[in-house]
Amino acid sequence: FTCNLSDLLCCFLGLLYQEYRDKSTREEIETRRLQDSQTDPEETSPSEETPSEAEPTSTIENKAPPQINLLRNSNSRFNLWQDLPEVQNSGVLSILQPDEIKLQEAMFELVTSEASYYKSLNLLVSHFMENERLKKILHQSEAHILFSNVLDVMAVSERFLLDLEQRVEENIVISDVCDIVYQHTVNHFSVYITYVSNQTYQERAYKQLLQDKPAFREVISQLELDPKCKGLSFSSFLILPFQRITRLKLLVQNILKKVEEKSDRESTALDAHKELETVVKACNEGVRKMSRTEQMISIQKKLEFKIKSVPIISHSRWLLKQGELQQMNGPKTSRTLRTKKLFREIYLFLFNDLLVICRQIPGDKYQVFDSAPRGLLRVEELEDQGQSLANVFILRLLENADDREASYMLKASSQSEMKRWMISLAPNRRTKFVSFTSRLVDCPQIQCVHPYVAQQPDELSLELADVLNILDKTDDGWIFGERLHDQERGWFPSSIGEEILNPKIRAQNLKECFRVHKSDDSQRRKLGSRNRQ
């Protein structure tokens, strides 16, 4: 039985990866909504009842069931493993435990989504990159920035998919896929880091080409209108590799939640997840590094020091938040605010290790009059002080530029802006709700139903179906959250999500998350033990 890549793709000709991904996340959202609405989530649906005399899974191998003809069925219109005729006709659905069937579906989704992804990559290359008109318009260097190493990425996807195909062909019941994921992540997925790290250059080049070359703009528009693209934009094809490597990690997480604990499959899934997380972090860091360096250079040019100059540019420094606040003039004990002149505008640049306090001066410049290490900052909220002191907090510099303690009474434009500044200035300050790392039994949670792109450094970009712990919220519609699958924190509008109301579903989400990050926790404990020694 020979393996043919194109035969597998025939099964999924209806969906490009962008459509597949959107469909999958929408289904995930609806599933959570249904679970959340159930009054007793512990009740088992009839289809999931455990048979009274179930045979062990190992009997499947003894029966030597027929191979799945997934790779040869060009008329296939299904995406579920259990809907395959070969699976239904084999009788395995009456033998396998419900949990094993769910695991088979999770592994099958990883395979089918890779096929859909490869199809979309192939379209990016054949339809856009290799278009003769586009080749004539683009200079070689422009084409290189725009498409980067996409051919390498596609070759890696093809090899990965071939190995996954071969595994699916071996037995009607898939033994495992995470071992394949692990091997390819370790040996081949570095091409994703190269591609994604080029993203900032790529986006800039694309915008510049649209602006400067009408012929380029015209050809891209015509190519996007081709029925092959199904109404999807050229840019949606360019970001495919970053979306895929992130999604692949989540698919492995989904498998990890379903494998039996302390089994070989759990160990393999944990290894695969750990390697994928390393690649995803390297991708994120690659994107940030370039934009951060440019941003730091820009800020350095705008600063004029009234105090002793502090070098701003450093490879280990980046901007966390910047903005204008009102500083109260006079003693902080004053409660009589008759005129707005009691407040004077100041401008803060907060970096990961340093706070710089300025006043804006003509020429888009900022005069620095104080600074302090971020670790020596403390904040305190003023409560019930009347409308004039609404959204006011105290910022204390334990050691400022003059090597002495200093205090500033600062007023923000809104409650959310005040809380955002306070959390950014003093990240270890206790939030309204306790974080993931506290192992709290219950905590408010929200799932994302509308994607969100961060507009500020302290905000968090969210994908559909992301689940987050709510750490803090404001009365004017903002939430400070911690995403469960990677513990990234940030602010986002409450309007993009739906709160998960069922406490049992929240507990289940946390339990699954703890299990996924079990290996990370053991590493942290070992490190903590070494540090104490």
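How charged is the neighbourhood of Arg244? Take every other residue with its Cβ under 9 Å from the Cβ of Arg244, and add Lys/Arg as +1 and Asp/Glu as -1.
Within the 9 Å Cβ shell, the charges total +1.
Are any of the pairs Lys308/Lys365; Lys102/Lys228; Lys228/Lys249 more than 21 Å apart by Cα-Cα distance, and if so, which?
Lys102/Lys228; Lys228/Lys249
Suppose R0 equals 60 Å; then what is the FRET efficiency for His315 and Gln82 from their Cβ-Cβ distance, rounded to the nearest 0.05?
Here the calculated transfer efficiency is 0.70.
Step through the table entries Lys306/Lys411; Lys274/Lys511; Lys274/Lys301, compare each Cα-Cα distance with 30 Å, and write down the pairs that go over it.
In this structure, Lys274/Lys301 lie more than 30 Å apart at Cα.
If one computes P(r) from the Cα atoms of the range 79-296, what percent of pairs lie at distances over 26 Å?
For the range 79-296, the fraction of Cα-Cα distances above 26 Å is 44 percent.
Note down the net charge around Gly231, summing +1 for each Lys or Arg and -1 for each Asp or Glu among other residues with Cβ under 14 Å from its Cβ.
-2
Quick check: with the 1.4 Å probe, what order do Ile137, Ile299 take by accessible area, largest first? Write out the running numbers ahead of the final one.
Numbers: Ile137 40, Ile299 10 Å².
Accessible-area ranking of Ile137, Ile299, largest first: Ile137, Ile299.
By the scheme Lys and Arg +1, Asp and Glu -1, what is the net charge of all other residues having a beta-carbon under 12 Å from that of Phe189?
That works out to 0.
What's the Kirkwood radius of the range 109-232 in Å, using all Cα pairs?
16.3 Å
Distance between Cα centroids, the range 441-480 to the range 75-129: provide it in whole Å.
Cα centroid of the range 441-480 versus Cα centroid of the range 75-129: 31 Å apart.
Taking 0.36 nm per intervening residue step and subtracting the Cα-Cα distance, what contour gain separates Ser414 from Glu399 on full extension?
Difference between extended and current length: 2.6 nm.
7 Å from Cα along Cα→Cβ at both Glu381 and Gln360: what's the point-to-point distance in nm?
Taking the two extended label points, one gets 2.7 nm.
Using θ = phi - 60° and the Karplus curve 6.51 cos²θ - 1.76 cosθ + 1.60, what whole-Hz ³J(HN,Hα) does each residue of the range 236-242 get, with Gly and Pro shown as x?
Once rounded to whole Hz, the list reads 5, 7, 5, 8, 3, x, 5.
The values are calculated or read from the model by the stated rules, or taken from the named source; none is laboratory data. Quick caveat: nothing in here was measured; it's all calculated off a predicted structure. We place every Cβ from the backbone using ideal geometry, glycine too, and count neighbours over all the protein chains shown. Please note that ligands, DNA and RNA were not included when accessible areas were found on the heavy atoms of the full protein model with its side chains. Shrake-Rupley method; radii C 1.70, N 1.55, O 1.52, S 1.80 Å.
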